[in-house]
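Input: a single structure, listed below in structure tokens.
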Amino acid sequence: MIDRFVKPGFRSAAPYNAEHHDFAWQHRQLARMMSNECPIPPSEGVREAVRRAFDIGHLYPYSGKDLQAALARYNNVAPESIVLGNGSTEVLDVLVRLLVGPGDETVIASPTYAFFESQTRINGGEPVSVPLTPRTWELDVDAMLAAITDRTTIIFLCSPNNPTGKGWSTAQLVRLLDTGIPVVVDQAYLECGYAESFAPLVAAHPNLVIARTMSKGFGLAALRVGYLIGDPELMDIVTRVRIPFSISLMGIWGCLQALDEPEELAYRTEFISSEADRLHAAMQQVDGVESYPSDGNFVLADISASGRSVSAVVDSLLAEDILIRAMGAHGLKGSHIRVTVGTVEQNDRYLRLLEELLVPVSRGV
Ligand SMILES: *Cc1c(COP(=O)(O)O)cnc(C)c1O
């Protein structure tokens, strides 16, 4: 068979699972509360900028130096410390390819974004999961340090963490940076709340790489623009390895316009953050639900004490055209759901249905 020519590590590759996206696209009536998208569509200014770009859609784009400069100003870092990508996933993938090979290990604070584990394996590496503290979902820095071996080439963090919602502190991060091992911190949800940005640490810590995206708080997931912030020498290597022209002109101009609308971003952050707080507070009131505060655009909840199974709850909501996610990853033991902040109407309806579904049996009708 032709697949015998494929390099060994790749034949059994298990990619990041994107089935829930395809399912939602096949059922357009669903409230998409499953994949941490922004409930607010692009501003009129951004739509106009994207249309202007597509008007000259027969041309190849340029490299986006202006967007790189604008993101450098936005983050108050040097332009050379930024690399643009087709979503942060593109440049995270390049970074893992640069740092992880057969026999290498990555230390991953779990539960977290499954992409870190899948890309480690695809490159022949061994992911080593270090659990967050149960229920409080704190980073266990001592356990992370203890998990490091001489094969460790990346320490992966996500702050605020998907799916638990909490952000880490500079003090915690610095303890990991002091090992000298590359620390990759995915800050995809920074604009969704008020967690701490680690961009100011990059200048003093060449082993720190931060992944950011225009997909979440900025709400431009379809444009596929993300970026890394890190040491200029390392970012230069990433630039040379990544695919040329991977960012469209629509992406460049749309994002430049979005960065030029700070009031719009502030409105989005405030909306997402206050609705996440509202979802958390309301779920916490439901019998049998333990919900966790979140600086992301999603809220995690443990529903095991309700006596209902996660799949029953997810299916019942689906029957009402609301799609949320069952969380089965490390430490969550299939007893947690994650709901993405939707519009006010979607959040109201979700909360009402959840309350109805979880009425204690004794009080049920
Ligand atoms: C959604 C998400 C991303 C976004 O990826 P893009 O490719 O930039 O759209 C990255 N990291 C985490 C943890 C996410 O949840």
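About its Cα centre, how strong a charge dipole does segment 44-259 have in debye, to the nearest 20, once Lys and Arg get +1 and Asp and Glu get -1 at the Cβ?
Computed about the Cα centre, the dipole is about 580 debye.
Could you please report the charge total around L145, scoring K, R as +1 and D, E as -1 over all other residues with beta-carbon less than 13 angstrom from its beta-carbon?
Overall, the nearby charge balance is -2.
Determine, for I322, I210, I40, the number of other Cβ atoms within 10 Å of each Cβ, and report the residues in order from fewest to most.
Result, fewest neighbours first: I40, I322, I210.
Going down the table (K216/K333; K7/K216; K65/K216), which pairs top 31 Å between alpha carbons?
Violating the 31 Å Cα-Cα cut-off are K7/K216.
Add -39500 (n - 2.57) for each DSSP H run of 4 or more in the chain, then divide by its residues: what number comes out at 222 nm, to the nearest 500 deg cm²/dmol?
Roughly -11500 deg cm²/dmol at 222 nm, from the helical runs in the chain.
Once you charge only the Cβ atoms, +1 for Lys and Arg and -1 for Asp and Glu, what is the size of the charge dipole of the chain about its Cα centre, to the nearest 20 debye?
The calculated dipole for the chain is roughly 760 debye.
Can you work out the FRET efficiency for the pair A281 and A146, with r the C-beta to C-beta distance and R0 = 41 Å, to the nearest 0.05?
0.70
Subtracting the Cα-Cα distance from 0.36 nm times the residue separation, let me have the gained length for N17 to R135 in nm, one decimal.
39.9 nm
Sorting check: for 306-313, 1-8, 85-92, which peptide has the highest mean count of neighbouring beta carbons within 10 Å, and how do the rest follow?
The densest-packed peptide leads the list: 85-92, 306-313, 1-8.
Name the residue farthest towards the positive end of the dipole of segment 237-365 from the options P293, S311, L249, assuming +1 on Cβ of Lys and Arg, -1 on Cβ of Asp and Glu, about the Cα centre.
Comparing the listed Cα positions along the dipole, S311 ranks first.
Read-outs: derived from the displayed coordinates by stated rules, not from any lab. Given the structure is predicted, the values throughout are model-derived calculations rather than measurements. Counting neighbours? That spans all protein chains shown, and the Cβs are built from the backbone with ideal geometry, glycine included.
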